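As structure tokens, the structure follows; a few thoughts come after it.
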Amino acid sequence: MFGIMAYPKYLILIRFVAAAFFVAVTFSSFADIAAAKDPAVTGVRLGVNDGKTRVVLDLTKAVPYSAFLLENPYRLVIDLPELGWSVDGDAADEKRGVVEGMRYGLFRAGNSRVVVDLKGPVRIVRHAALAKPDRLMFDLLPVPKSKYKKGQAVALNNWSPPTGKAIPMPRVKPEGDARRVVVIDPGHGGVDPGAVRGKTYEKRVVMAVAQEVRRQLEASKRYRVIMTRNRDIFVELRDRAKMAQDSEGDIFISLHADTHPKSKVRGASVYTLSEKASDREAARLAKKENKGDIIGGLDLTPYSKETGDILRELTVRRTMEESSVFANMLIAQFGKKKIRMQPYKTHRFAGFAVLKAPDVPSVLVEMGYLSNKTDKKILLSKNFRKKVGRAVLAALDGFFKHIDDLAAR
């Protein structure tokens with residue numbers, strides 16, 4: 001099998017000491033995952049011995065892999081062929097050795113990814129694919145910054161993951177189609193789970209809401225809906241905004257369900273883009289949401305100078321004004337539909353990367369907090385999803401009537 005011939009002198013030793021050498025940390029399975037594909041990951045384990053931390057992925061069938069190290073923050077990224085997942089470890093809280101946590105899921109079509117958060121610089125001192133049972137293992141040794149090998153990469157049999165866009169960009173609106181184009185963005189996805197409370201994942205909550213919103217909008221026959229993702233897959237923040245532009249979107253709505261340091265905080269709020277945050281909470285949330293690409297295991301070094309310039313390059317300020325108009329209309333409709341809002345500053349603003357399409361009015365909707373027991377229960381309910389759908393539909397009707405009335409003057 002993969003990697004066995006590359007490490008014959010170590011194989012017997014590894015099998016002999018595996019049980020004693022590492023204390024397994026296996027993440028529990030969950031009922032709502034569909035039947036795993038073949039091959040699939042059946043377990044994730046961590047262990048520490050002699051100063052090294054081992055990461056083990058248990059598999060139903062051997063697969064090739066490639067892996068590399070990133071910094072700012074330090075991460076180990078493991079790329080694999082597209083796999084099924086029969087363990088729920090998208091945001092493991094387990095900390096052992098140099099590992100602070102890990103996430104895994106679909107990164108792009110044909111490419112699953114594991115992102116391991118690290119406490120500091122490390123070196124990959126050993127990696128292999130082992131058989132009977134099939135599993136992958138990576139040994140990590142902490143090193144001082146002076147000995148850190150930036151971008152260290154390893155692979156099995158020179159395998160590399162598929163390249164190209166994570167998802168195809170949508171087609172522009174067909175000629176003669178009079179419907180407005182609404183781009184619905186279910187936040188997070190794939191290797192980026194978003195907020196997590198127990199077995200409740202933000203990426204799944206917002207997808208369920210997005211699908212109901214889409215159903216209601218399309219049923220009205222007044223809107224053509226484009227989803228930035230229609231399955232559990234990672235999508236870069238820039239691609240989400242670009243999708244709104246490439247599809248000639250008339251409006252962009254990003255759906256989220258965050259957590260808050262204070263469990264008593266609950267209620268929805270709507271955010272629009274601004275160079276300066278409206279308040280401390282808006283700044284905190286924007287900083288957190290803008291880390292989505294880091295969570296997905298991307299190297300953002302090439303973009304480090306780009307982010308601060310985008311707002312200064314916006315030439316159409318009307319887009320930001322229209323975003324604020326829609327935000328206020330949506331807040332009003334949330335109130336009418338008895339959706340609990342934040343008691344103060346229901347309309348906030350900050351520099352959200354996902355809202356930076358310069359010519360498409362855009363809002364980010366935080367529908368509530370998974371960290372609050374009441375909000376969490378509501379967010380998971382079918383009735384709530386229907387309310388959000390009705391509120392969005394009514395707000396869009398009012399917004400586009402407002403736009404048409406202005407154009408007719």
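Since every read-out is calculated from the coordinates, none of them should be taken as a lab result. If you're wondering where the values come from, they're calculated on a predicted model, not measured in any experiment. With ideal geometry, Cβ positions are generated from the backbone for all residues, glycine too; neighbour counts draw on all protein chains shown.
I'd like the distance separating the alpha-carbon centroids of region 212-268 and region 376-409, in whole Å. Spelled out, the Cα-based centre of one part sits 13 Å from the other.
For Asp258, Asp405, what ranking results if the residue with the fewest other Cβ atoms within 10 Å of its Cβ goes first?
Asp405, Asp258
Just in region 180-267: which trypsin sites (Lys or Arg not before Pro) are loop by DSSP and have at most 14 other Cβ atoms within 10 Å? Listed in order of number, the matching sites are Lys199, Lys221, Arg231, Lys262, Lys264.
Using Cβ counts within 10 Å as a stand-in for footprinting exposure, how do His256, His402, His347 rank, fewest first?
His402, His347, His256
Under 5 Å between amide hydrogens, built in the peptide plane, is the criterion, and for Gly368 it picks out Asp258, Ser269 among residues at least 5 positions away or on other chains. Ordering Phe352, Phe252 by the number of other Cβ atoms within 10 Å of each residue's own Cβ, fewest first, gives Phe352, Phe252. Over 25 Å apart at the Cα level, from the set Lys221/Lys386; Lys242/Lys386; Lys264/Lys345; Lys203/Lys262; Lys287/Lys336, are Lys242/Lys386; Lys287/Lys336. Loop-located GluC sites (Glu not before Pro) in region 175-271 (DSSP state not H, G, I, E or B) with no more than 11 neighbouring Cβ atoms inside 10 Å: Glu175.
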